[in-house]
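The values are calculated or read from the model by the stated rules, or taken from the named source; none is laboratory data. Fair warning: this is a prediction, and the values are worked out from it, not measured in the lab. A quick note on method: Cβ atoms are made from the backbone with ideal geometry, for glycine too, and the neighbour counts reach across all protein chains shown. Heads up: the accessible areas ignore ligands, DNA and RNA and are worked out on the full protein's heavy atoms, side chains in. Shrake-Rupley method; radii C 1.70, N 1.55, O 1.52, S 1.80 Å.
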Amino acid sequence: MIPILSWLIFIPLIGALALAVLPDDRKDLARGTALVTTILTFGLSIILFSKFNGETFKFQFVEKIPWIEKFGISYHLGVDGISIWLVMLTTFLMVISVWFSRYVNQKVKAYMALLLLLESAMLGVFLSLDLILFFVFFEATLVPMYFLINIWGGERRAYAALKFFLFTAAGSILMLVGMVMLAWIHQQQFGSMTFDLVQLQSSIAQGEFWTGFLHLQAIVFWFFMLAFLVKMPMFPFHTWLPDAHVEAPTAGSIILAGVLLKMGTYGILRFIMPLFPDVIGQFVLPVMILAVIGILYGGIVAAVQPDVKKLVAYSSVAHMGFVVLGIFSLTQTGIQGGAIQQLNHGVSTGALFLMIGLIYERRHTRMFKDFGGLKAQMPIYAMLFLIIMLSSVGLPGTNGFIGEFLALMGAFQAGFAGMNGLTVVLPAIAATGVIVAAVYLLIMFKDMFYGPNNNSENQRLKDIKPWEVAMIAPFIILIFWGGLQPAVFFERMDASLNAARLMATTPAGERPNWSEKAHEISAEGNLVVGEATSFPDIPETHFATEGHH
Amino acid sequence: MQNPIFNQVWWIIGLPLIGFLIQCFFGKNVIEALGPAKGKRVMGTLAVLAIAGSFGIGVAIIQALAELPPHDRGVIQTGLDWIRIAGIRIPFELRIDPLSMTMVMVITGIGSLIHLYATGYMAEEKDYPRFFAYLNLFVAFMLMLVLGNNLALLFIGWEGVGLCSYLLIGFWYKDFANSIAANKAFIVNRIGDVGLALGMFLIVALLAKEGIADQRYLSYDVIFKALPGIIEREPMMATAIALCLFVGACGKSAQFPLYLWLPDAMAGPTPVSALIHAATMVTAGVVLLTRMQIVFIASPIASAIVVIVGLFTAIFAALIAFGQTDIKKVLAYSTVSQLGFMFIACGVGAYWVGMFHVITHAFFKALLFLGSGAVIHAMAHDQDMRNYGKLQKYIPITCATMVIGWIAIAGIPLTSGWFSKEEILHEALFSHQAMLGGFNVGLAAGWIGFVAALLTAIYMTRMMMLTFWGGQERWRLIPAKNHEDHHGHDKHHAHAHHEDHGPDEHAFFMTDEEMAAQPHEHEHHHELDENHKPHEVPVSMWFPLVVLALFSAGSGLWLKGHEWFGSVPKNRLENWLVEHPHEAHHGTIKYGELVPILGMWIGVAGLILGALWYMRGLPKSEGWDLARWNPLRRAAGNQFGYDAAMMNAGIEGGGTLATWLWKVVDSKVIDGAVNGIGGLLSGVSKGYGWLQSGYTRGYALMMLAGCAGLLGWIVYAINNMGGKG
């Protein structure tokens, strides 16, 4: 019996292999196989979600199989309140991406296989609890994405694909060095190498890991951080993103914005906060400054883009800035805001790229100058676009608001309390980013949908088809659900996020420890140490079927 | 035991929201099924009923509230939690108290009248359900704004009404000018919203630091209990919070320097101008200040700033109104100016008086806007007062009702405007709240306020005289129009060329037959010409005018009372809104006895001055030829250059900066550095040439080799590390 997390990773892989043996000319079969595979994966992730216990910060459904024992590398998977949502986001966006890719007509088989490979790799990233395993998946996402851009992309696809690959690979090489340094320090301290996240964190939580190696902590911190900053991407490492987005096919853009960027912020929550508690405080200010620059810079540059897709790409820089702003505030509100913002960005921006893809399929252009007055021509499309645009603006009542609001609130609280050398100035400047967001998004909407419809090609356009509306509907539901009842999302993240915050901010010995059975997080977000926790023990190896019988 | 009627308060917001959904989902179908005339009548009636229903529930609740003893008039209805995380809790909760219910009455009462009016005004509109959907949604958000028991719900309403305002200003979206005005409104409002958000953050930070157990940090009941103690210790915090909130109020309530979206907002249909941009939404700032008065009362400096901004706006906007030729623009600036008066009241600590003016202004300004809509309706959608004149003859009901609105806003004794405006100036003269470095700003504002009141009376008389009276029916005398105005319309006529994308396999486009079957929109523009004969509006439009006229005339007396009418209860509104109404004002000022006399005659004087000046119709110095205008009036017409300067800085300056960042910083500096590094690795630069020639297959191999190399290096590195240990 293969446990559930492995299934999640392997189903898309199996789907990709199945595609490989299909005959080349059966395009519909290839599309169908891919769609069924992603739906199966999505279904499985829902099962996982329904069995997930949101009250503990510990990893659940853990699988651990030794891999290269000599170096302490293992096939170690697990899911917690932070990763469960990213898994859901990934499997959901994959269904949509494959569904939309009906419009792809060239080398369908290879295209679908690459998408499925990408899904495998992305799920692997979010589920890995071993540094090397994480790294392998992290790098593995690059390859399918590279080919998706390079083969199915636009005119400057080769340049964009290479730029995408080199930027992120360059960033992650340093991360690998950092990982090896961690394992080496572990060996110096405890006599054996390990790349196991839980083990490393355990010794860090107890304060034994860094003693004597404090001088290396800052270096390793930046090795990791650089990889994540490039991935998010954060100013000034962002220039690969607009090029990659513009050239990528629609499904590529949805996944790039929806999931791949989240690997950066996920990395901060998963690795930076637990592993470098002694130095994170002193780097809050520089990272925050980068985040604030990104918020304003991304927004301002977005406002003058002639290409819709490029505009949305730059807006991602701004939106991801809010995520970092929230997380690096190291406050309860801020971290939760940042964490929900990354999900909401996945939904809103994924949806925006989908909408742009729909019009691109029709008109083969994304230039503002070719549009205008589409509202009268395509009223349903315009209405859906409006809702998604407003969620990106961060209008209260939509999901976009919750994350930005809480992230800013957290940053403001941190500044007000003078934590880590912050003042209220930075968050106040960051808040003006929401004005800039209104500027570029409203300009975008105006230029596409308002005004007279003078383009004779556009005058012939029909409104979008029912199945396309059905494809967008889940996004609309998520936008309002996330905006009006975010409690559903928070409930399952609270414990893990508070644990991450405490791991980063409390002194050694008082930090939550993933492998300490007695540790739990209270509803107020504090560490509770007790013998009897209200949860059944979570077994080391927890099989999906056995665990619940 | 709590009166069960209070549980029904959710329906006050719920009904307009349901109305919105009905318009959204069924509007088009109903109109298609029943035909335009009947379908529109049904949908229009539903839209009106949604608001009228809210009004009915509001009446029942306000009666139940009035039966409670004054100190118990703060009922909170709590629903689900909206945001609940470790650190803060924000429930959906509504507050039933005199302030919120008073606003509910204004919003739903005037709202239903305006909805009714709109059923007539928009009768020719093709997008009928879309209009009423937005309008219903607006009312729902506005009610949320006033009824919410926490600042976060207020913020939902706050940005929600901004959204509806944006959608309605740009309702006729085919004209770019309208959507630009809509964008301007939303963006300028967002500047204010950031201020409001920062104020909220500050409150949360303060209460969280204090360790308040009830984590509903943004709920009014928690704030009112916890904040006074904190700001007593740290008075600076009161000023900081107050100023942040006031920035928000300036945005929404169109005060200087953020007023400039409101005049442009007149691009929306006239009922929208009446409901959103005069009677309700723009008063949200006053409601916010009244709601959060504890921080303003604790900060004389902030109060002084409120007074200064209010006073400056009142005068500034009044002056601009003199240079306007568009009837709706006059009313827009007049709204800005009157809002300034309300802020003066708030600044001097007389919050109930501010609300008093909110109410009376809502009546007479809604009346004037709807009246102007009737005039525009009668004049073939021409809004230029220079083309009016002697309309009293053609549209007598409109004229009669607008006269009531006019004398109310001018402050003629016993009209509603007189009561509220006089009360504002009176309170300002006797207050000691707004102090700036020992100087009583309120006192100065009281005296200067008389000037603003005089200006109001004069420019309103100008508008009325130019429209309804004067020597000639001037639309018969319009100078020949420059025909260049009409270029560009036929340029883009149906070029039947197709871009060649191969066959349309997904059926994205309409075929030629389908194109031919499309209904052609004949937007028949009846232009104003010398043979035009204005007609009075239908009953659905003049009935609301009459009701509003009655309230404009009588509401002041009803809410305030006057010793001339011994039996009328006095200070009804003050007793209702203020828990402990203070007794008579203490302290005297020099010439204090002159105030009531001055207040009484200032409006009359303005009326007479204006009437004398415009009796003969349009003076040459304000005619069609702008070159003959007095330079001062011309400057006023251009908002003294303020709007142009701001827009220039924003659009040109912002655009230049953005382009520079993009083309120079992004493309040259950052990418230049990256390419420079890349160029050092000659393999990469060779790769560039390769890929551009499109050998993807070969390149793929190279990539695979690269990946294999990377993995090999990992193994090697790990092995090495392991070997050392």
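Just one of (1) open to solvent by 30 Å² or more (accessible area, probe 1.4 Å); (2) at pLDDT below 90 trips up residue A:31, so point out which.
In the conditions (1) open to solvent by 30 Å² or more (accessible area, probe 1.4 Å); (2) at pLDDT below 90, residue A:31 misses (2) alone.
For the stretch A:199-221, does any single residue satisfy the condition of being under 16 Å from the mean Cα position of the chain (by Cα) and aromatic (Phe, Trp, Tyr)?
no
Residue B:592 passes all but one of (1) assigned to a helix (DSSP H, G or I); (2) modelled with pLDDT under 85; (3) small (Gly, Ala, Ser); which number fails?
Every condition holds for residue B:592 apart from (1).
Looking only at the stretch A:137-152, count every residue that is more than 8 Å from every other protein chain (Cβ to nearest Cβ) and open to solvent by 20 Å² or more (accessible area, probe 1.4 Å) and tell me the total.
3
From the residues in the stretch B:217-254 that are within 14 Å of chain A (Cβ to nearest Cβ) and over 30 Å from residue B:341 (Cβ atoms), which one is surrounded by the fewest Cβ atoms within 10 Å (Cβ to Cβ)?
B:234
Quick check on this structure: which one of A:119, A:155 is more than 12 Å from every other protein chain (Cβ to nearest Cβ) and in contact (Cβ under 8 Å) with a residue 60 or more places away in the chain?
A:119
Taking the stretch A:231-259 as the region of interest, how many residues are farther than 16 Å from residue A:98 by Cβ, part of a helix (DSSP H, G or I) and open to solvent by less than 10 Å² (accessible area, probe 1.4 Å)?
So the answer is 7.
With the structure loaded, tell me whether residue A:482 is in a helix (DSSP H, G or I) and within 12 Å of chain B (Cβ to nearest Cβ) or whether it fails that test.
yes
Suppose we filter B:57, B:110 for residues that are surrounded by fewer than 22 Cβ atoms within 10 Å (Cβ to Cβ), assigned to a helix (DSSP H, G or I) and either within 14 Å of chain A (Cβ to nearest Cβ) or not basic (Lys, Arg) (or both); which single one remains?
Step by step, each of B:57, B:110 is checked, and only B:57 is surrounded by fewer than 22 Cβ atoms within 10 Å (Cβ to Cβ), assigned to a helix (DSSP H, G or I) and either within 14 Å of chain A (Cβ to nearest Cβ) or not basic (Lys, Arg) (or both).
Looking at B:175, B:214, can you tell me which residue is among the charged types (D, E, K, R), surrounded by fewer than 24 Cβ atoms within 10 Å (Cβ to Cβ) and either in contact with a Pro (Cβ under 6 Å, 6 or more places away or on another chain) or within 11 Å of chain A (Cβ to nearest Cβ) (or both)?
Among B:175, B:214, only B:175 is among the charged types (D, E, K, R), surrounded by fewer than 24 Cβ atoms within 10 Å (Cβ to Cβ) and either in contact with a Pro (Cβ under 6 Å, 6 or more places away or on another chain) or within 11 Å of chain A (Cβ to nearest Cβ) (or both).
Just one of A:301, A:292 is of a type outside the set (D, E, K, R) and free of Cβ contacts under 8 Å to residues at least 24 places away in the same chain; which is it?
Exactly one residue qualifies, and that residue is A:301.
Do the conditions hold for residue A:433, that is, is it more than 8 Å from chain B (Cβ to nearest Cβ), in contact (Cβ under 8 Å) with a residue 60 or more places away in the chain and crowded, with 24+ Cβ neighbours inside 10 Å?
For residue A:433, the condition - more than 8 Å from chain B (Cβ to nearest Cβ), in contact (Cβ under 8 Å) with a residue 60 or more places away in the chain and crowded, with 24+ Cβ neighbours inside 10 Å - is met.
Residue under question is residue A:420, and the condition is that it be open to solvent by 20 Å² or more (accessible area, probe 1.4 Å) and either part of a loop (DSSP other than H, G, I, E, B) or more than 11 Å from every other protein chain (Cβ to nearest Cβ) (or both); does it hold?
Considered against the rule, which asks whether it is open to solvent by 20 Å² or more (accessible area, probe 1.4 Å) and either part of a loop (DSSP other than H, G, I, E, B) or more than 11 Å from every other protein chain (Cβ to nearest Cβ) (or both), residue A:420 comes out as yes.
Does at least one position in the stretch B:640-658 carry a residue that is among the hydroxyl-bearing types (Ser, Thr, Tyr) and either modelled with pLDDT of 80 or more or not in a helix (DSSP H, G or I) (or both)?
Yes, the conditions are met somewhere in the stretch B:640-658.
State all residues of the stretch A:186-198 that are more than 8 Å from every other protein chain (Cβ to nearest Cβ) and either within 25 Å of the chain's Cα centre (by Cα) or surrounded by 20 or more Cβ atoms within 10 Å (Cβ to Cβ) (or both); if no residue qualifies, say none.
Scanning the stretch A:186-198 gives A:186, A:194, A:195, A:196, A:197, A:198.
Going residue by residue through the stretch A:367-379, is there one that turns out to be within 11 Å of chain B (Cβ to nearest Cβ) and closer than 25 Å to residue B:245 by Cβ? Let's see the steps before the verdict.
Kept after step one, since they are within 11 Å of chain B (Cβ to nearest Cβ), are these residues of the stretch A:367-379: A:370, A:372-379.
Filter once more, so that each one left must be closer than 25 Å to residue B:245 by Cβ: none.
Taking every residue of the stretch A:367-379 in turn, none turns out to be within 11 Å of chain B (Cβ to nearest Cβ) and closer than 25 Å to residue B:245 by Cβ.
Residues in the stretch B:63-75 that are crowded, with 17+ Cβ neighbours inside 10 Å and touching a Lys or Arg at 6+ places or on another chain (Cβ under 9 Å): how many?
Quick first cut of the stretch B:63-75, residues crowded, with 17+ Cβ neighbours inside 10 Å only: B:64-65, B:73-75.
After this cut, where a residue has to be touching a Lys or Arg at 6+ places or on another chain (Cβ under 9 Å) as well, the list is B:65, B:74-75.
Going through the stretch B:63-75 one residue at a time, the tally reaches 3.
Given (1) open to solvent by less than 10 Å² (accessible area, probe 1.4 Å); (2) modelled with pLDDT under 90; (3) within 7 Å of another protein chain (Cβ to nearest Cβ), identify the lone condition not met by residue A:458.
For residue A:458, the failing item is (3).
Sort through A:183, A:205 and tell me the only one that's open to solvent by less than 20 Å² (accessible area, probe 1.4 Å) and within 10 Å of chain B (Cβ to nearest Cβ).
After ruling out the rest, the residue left standing is A:183.
Quick check on this structure: which one of A:392, A:329 is within 29 Å of residue B:651 (Cβ to Cβ), out of contact with any Pro (no Cβ under 7 Å at 6 or more places or on another chain) and more than 9 Å from chain B (Cβ to nearest Cβ)?
Step by step, each of A:392, A:329 is checked, and only A:392 is within 29 Å of residue B:651 (Cβ to Cβ), out of contact with any Pro (no Cβ under 7 Å at 6 or more places or on another chain) and more than 9 Å from chain B (Cβ to nearest Cβ).
Kindly indicate whether any position in the stretch B:68-89 is part of a loop (DSSP other than H, G, I, E, B), among the small types (Gly, Ala, Ser) and more than 14 Å from every other protein chain (Cβ to nearest Cβ).
Within the stretch B:68-89, the first condition is being part of a loop (DSSP other than H, G, I, E, B), and the residues that meet it are B:68-69, B:73-74, B:86-87.
Subset that is among the small types (Gly, Ala, Ser): B:74, B:86-87.
Narrowing the set further to residues that are more than 14 Å from every other protein chain (Cβ to nearest Cβ) leaves B:74.
Among the residues of the stretch B:68-89, at least one is part of a loop (DSSP other than H, G, I, E, B), among the small types (Gly, Ala, Ser) and more than 14 Å from every other protein chain (Cβ to nearest Cβ), which makes the answer yes.
When residues of the stretch A:291-308 are filtered for being in a helix (DSSP H, G or I) and either crowded, with 23+ Cβ neighbours inside 10 Å or out of contact with any helix residue (DSSP H, G or I) (no Cβ under 7 Å at 6 or more places or on another chain) (or both), how many remain?
Within the stretch A:291-308, residues that are in a helix (DSSP H, G or I) and either crowded, with 23+ Cβ neighbours inside 10 Å or out of contact with any helix residue (DSSP H, G or I) (no Cβ under 7 Å at 6 or more places or on another chain) (or both) number 12.
In the list B:18, B:51, B:13, B:31, which residue meets the criterion of being surrounded by 15 or more Cβ atoms within 10 Å (Cβ to Cβ) and more than 22 Å from residue B:139 (Cα to Cα)?
B:31
In a helix (DSSP H, G or I), of a type in the set (Ser, Thr, Tyr) and over 18 Å from residue A:472 (Cα atoms): does that describe residue A:315? First the steps, then the outcome.
On the way: in a helix (DSSP H, G or I): yes; of a type in the set (Ser, Thr, Tyr): yes; over 18 Å from residue A:472 (Cα atoms): yes.
So residue A:315 fits the description; yes.
Taking the stretch A:485-517 as the search range and keeping residues that are more than 21 Å from residue A:331 (Cα to Cα) and of a type outside the set (Asp, Glu), which one is nearest to the other protein chains (Cβ to nearest Cβ)?
My answer is A:485.
Return the total of residues in the stretch A:158-172 being more than 8 Å from chain B (Cβ to nearest Cβ) and either touching a Cys at 6+ places or on another chain (Cβ under 7 Å) or free of Cβ contacts under 8 Å to residues at least 24 places away in the same chain (or both).
Here the count works out to 0.
Table: residues versus (1) at pLDDT below 90; (2) within 18 Å of the chain's Cα centre (by Cα).
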site: B:119; (1), (2): no, no
site: B:133; (1), (2): no, yes
site: B:148; (1), (2): no, no
site: B:162; (1), (2): no, yes
site: B:195; (1), (2): no, yes
site: B:210; (1), (2): yes, no
site: B:213; (1), (2): yes, no
